[in-house]
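Nothing in this text is a laboratory measurement; each read-out follows from the coordinates by a stated rule. Predicted, not measured: the structure shown is a model, and the values here were computed from it.
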Amino acid sequence: MLEIRVSEATRQIGSDNAIGADNQQERPRNVESSETSTRSPLQRKINKTDLAYMAAMLDAEGWISGSIKSGKTRDIPVVTVGICNNDKPLIEWMCATFGGTLYTEYIGMDRNILYEWHCTSAEITPFLKLVIPFLKIKQRQAYLAMAARALVRVEGSKFKRARLVEKIIALNKGRYSPGRVATSGTT
């Protein structure tokens, strides 16, 4: 199990300019490579410049999203974190520095290549703890994602986790702020 000692942030600060990727169409992906080391890169010391850069990439070209996946016996609330870019060395650096998996997608008629870094489920919370002080746009989603991940193995927490995932989805659609219930339509 991954263990990182990072001080827990206590404030929830966010922006009204929450942008998400849950409106993007699902496309088949090819796994280009994955982290095969038994020791996660997150166990190494990572400098503040790299953390700030990764937070900026997550704010600008990434996502912290939630969904409710249909399972055989029950629906499962799921949190995902990732970043898209067309620069393969950048995504390879992310995998080497932060762990995760690199996916390759071919987009459009010209078959343009897009590379995606996906943070694996066990590494989501440690990764977010490292970058959350530097996030400007997706900080609220990060706090909610960490709270949802903390409830994964807690008996009877499915509905609470589903509510947190719904808040992430609403934030990504720009329809949630603390103290207000997500509604459809404009306000």
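Couple of notes before you dig in:
- Treating each Cα of segment 30-172 as one equal point scatterer and applying the Debye formula with no solvent, the log10 of I(q)/I(0) at q = 0.11, 0.16 Å⁻¹ comes out as -0.43, -0.88.
- Convex hull volume of segment 80-149 per residue (C-alpha atoms, cubic angstrom): 98 Å³
- For VAL152, distant residues with modelled amide H under 5 Å away: none
- Entries in LYS48/LYS173; LYS72/LYS136; LYS48/LYS158 that, when Cα-Cα distance is taken, lie over 32 Å: LYS72/LYS136; LYS48/LYS158
- Under 19 Å from LYS45, Cα to Cα: lysines that are on another chain or at least 8 residues apart: LYS129
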